[in-house]
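Worksheet: the structure to be examined is printed underneath.
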Amino acid sequence: MSRLTLLGSTGSIGVNTLDVIRQNSHQYQVYALAAGRNVARLAEQIVEFRPKVAVVPDEESRGKLSERLVESGLAQSAWPELLFGPQALVAIATAPDAWIVVSAIVGVAGLEATYEAVRAGKRVGLANKEVLVSGGRLVMDAVRISGAELIPIDSEHNGAHQCLRGGSRPEVTRLILTASGGPFRTTPVEQLAWVTPEDALKHPTWKMGNRITIDSATLMNKGFEVIEACWLFGFTPAQVDVVIHPQSSVHAMIEYSDGSVIAQISATDMRMPIQYALTYPERMQAPVPKIDWSEARRWEFGPPDLAKFPLLKLAYECQEAGGSATCTLNAADEIAVEAFLARRIGFPAIYRIVEQTVSKLAKRQPATINDILEVDRESRSLARELVAKEAAADAGSRVTAKA
Ligand SMILES: NC(=O)c1ccc[n+]([C@@H]2O[C@H](COP(=O)([O-])OP(=O)(O)OC[C@H]3O[C@@H](n4cnc5c(N)ncnc54)[C@H](OP(=O)(O)O)[C@@H]3O)[C@@H](O)[C@H]2O)c1
């Protein structure tokens, strides 16, 4: 039995991970679950998977979780130990009982625990891309020192991981990441000023959490993936291409020195890469329908429109710049996306806020997790100020328009 700690069990990746465990319960067992505010779903997961430990962000959430467990009728003797706060996340990520840690908390809230899991030499199934976007150098240095296995769950990187098994690393010349193009792939650029959060949340091929769905609509997500790929596989930004592939069936391609390209293709279902991260280097039957090759199908590939989606270009520039730039990029984007979802700013303002935050904040070389968290805090604070200005200007222009 392999035991697992799941950070972010109540989210989209978390729920899919538990489905993979459910289908393979003869081989995998849950050691610990960690979640945010959704204590109702966490309680249901505790009743089904019976972890030894459950972690929530604060004492209030722990109280609410206890109430839910009482309501569930689960005998108190079967309850997990209920812990809260960042140190508890680190404890379950580094516990000797956890053989694999799936990192699926959204944002930098998952950074420290993931970093410590790496330092403890665990196998880490990495969904949380913000970990490498914010702290890539530190985390990859820790991988080298501890010998931890960092297996990407992000489908494109998981695809690249599979393609890289087809040849030796010095023969690899290029990584090609595919992008669906998001809901606004064919929307004229001048109409982007009027799109709503509901429009942006309609992802054409994947069902995911809110932040990553908005990031897919701006192509910021693909920019994060370029950065993530550079850290995971040792590419320079110039060696990573992005190709728009609306069908999301080809997840990544690796070009070798003779020009041969190996592609990874599978159903558009996150349970595929999650299961791969658990079973690597072996493969198991997946709980996902296989591609039916007897059906006619057409796949398209084309270049991204960097003028319409400038956040992708900015991500390349930040990775080239190095240091704290990508941490700021992530933090500012999180604030801008939150503001867009709250209807405080329009869709094009997401880019303006992120770009201004990156260009205004002095670059530095974070050497510790605390340094990264400090850059993250400062970047958020500046991005919030810029959101407030943008929102005020927007309200002002509406008053003028009315007059
Ligand atoms: N969804 C996908 O298909 C996909 C694909 C590739 C990569 N990823 C990456 O995987 C990560 C998770 O994505 P998602 O789509 O699963 O997001 P999601 O549905 O929003 O789930 C996020 C999870 O993080 C938890 N969380 C948030 N803040 C927390 C905190 N302070 N402490 C503990 N837990 C906290 C949430 O808990 P509550 O819900 O209980 O608040 C939830 O379990 C992201 O980094 C995303 O970029 C996702």
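The values are calculated or read from the model by the stated rules, or taken from the named source; none is laboratory data. Predicted, not measured: the structure shown is a model, and the values here were computed from it. Cβ coordinates were reconstructed from backbone atoms using ideal geometry, including for glycine residues, and neighbour counts include every protein chain displayed. Just so you know, the surface numbers come from the protein's heavy atoms only, side chains and all, with ligands and any DNA or RNA stripped out. Shrake-Rupley method; radii C 1.70, N 1.55, O 1.52, S 1.80 Å.
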Restricting attention to segment 179-225, which residues are hydroxyl-bearing (Ser, Thr, Tyr) and within 13 Å of the ligand (Cβ to nearest atom)? 180, 205, 213, 216
Working only within segment 6-32, note down all residues that are assigned to a strand (DSSP E or B) and either free of Cβ contacts under 8 Å to residues at least 40 places away in the same chain or of a type in the set (S, T, N, Q) (or both). 29, 30
One residue is enough: does segment 78-85 have a residue meeting the conditions within 30 Å of residue 215 (Cβ to Cβ), open to solvent by 10 Å² or more (accessible area, probe 1.4 Å), within 14 Å of the ligand (Cβ to nearest atom) and assigned to a strand (DSSP E or B)? yes
Only residues that are farther than 20 Å from residue 273 by Cα and open to solvent by 10 Å² or more (accessible area, probe 1.4 Å): list them for segment 112-133, please. 112, 115, 116, 119, 120, 121
If residue 365 meets every condition in (1) in a helix (DSSP H, G or I); (2) in contact with a helix residue (DSSP H, G or I) (Cβ under 9 Å, 6 or more places away or on another chain) apart from one, which number is that one? (1)
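Of everything in segment 66-77, what is farther than 13 Å from residue 44 by Cα and either open to solvent by 100 Å² or more (accessible area, probe 1.4 Å) or in contact with a Gly (Cβ under 9 Å, 6 or more places away or on another chain) (or both)? Give them in sequence order.
76, 77
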Considering segment 254-284 alone, what residues qualify as being over 23 Å from the mean Cα position of the chain (by Cα), buried (at least 17 other Cβ atoms within 10 Å of the Cβ) and either at pLDDT below 95 or of a type in the set (A, V, I, L, M, F, W, C) (or both)? 262
Give segment 198-215 a look and list any residue that's open to solvent by less than 60 Å² (accessible area, probe 1.4 Å) and part of a helix (DSSP H, G or I), or say none. 199, 200, 211, 212, 213, 214, 215
Single residue of segment 13-42 satisfying the filter (within 7 Å of the ligand (Cβ to nearest atom) and among the charged types (D, E, K, R)) that is surrounded by the fewest Cβ atoms within 10 Å (Cβ to Cβ): 37
Among the residues in segment 339-352, are any of a type in the set (Val, Ile, Thr), open to solvent by 10 Å² or more (accessible area, probe 1.4 Å) and either in a helix (DSSP H, G or I) or within 15 Å of residue 225 (Cα to Cα) (or both)? no
I'm told residue 3 meets every condition in (1) assigned to a strand (DSSP E or B); (2) in contact with a helix residue (DSSP H, G or I) (Cβ under 9 Å, 6 or more places away or on another chain); (3) more than 13 Å from the ligand (Cβ to nearest atom) except one. Can you identify the failing condition by its number? (2)
In segment 97-127, which residues are over 22 Å from residue 331 (Cα atoms) and either within 9 Å of the ligand (Cβ to nearest atom) or part of a loop (DSSP other than H, G, I, E, B) (or both)? 97, 98, 99, 120, 121, 122
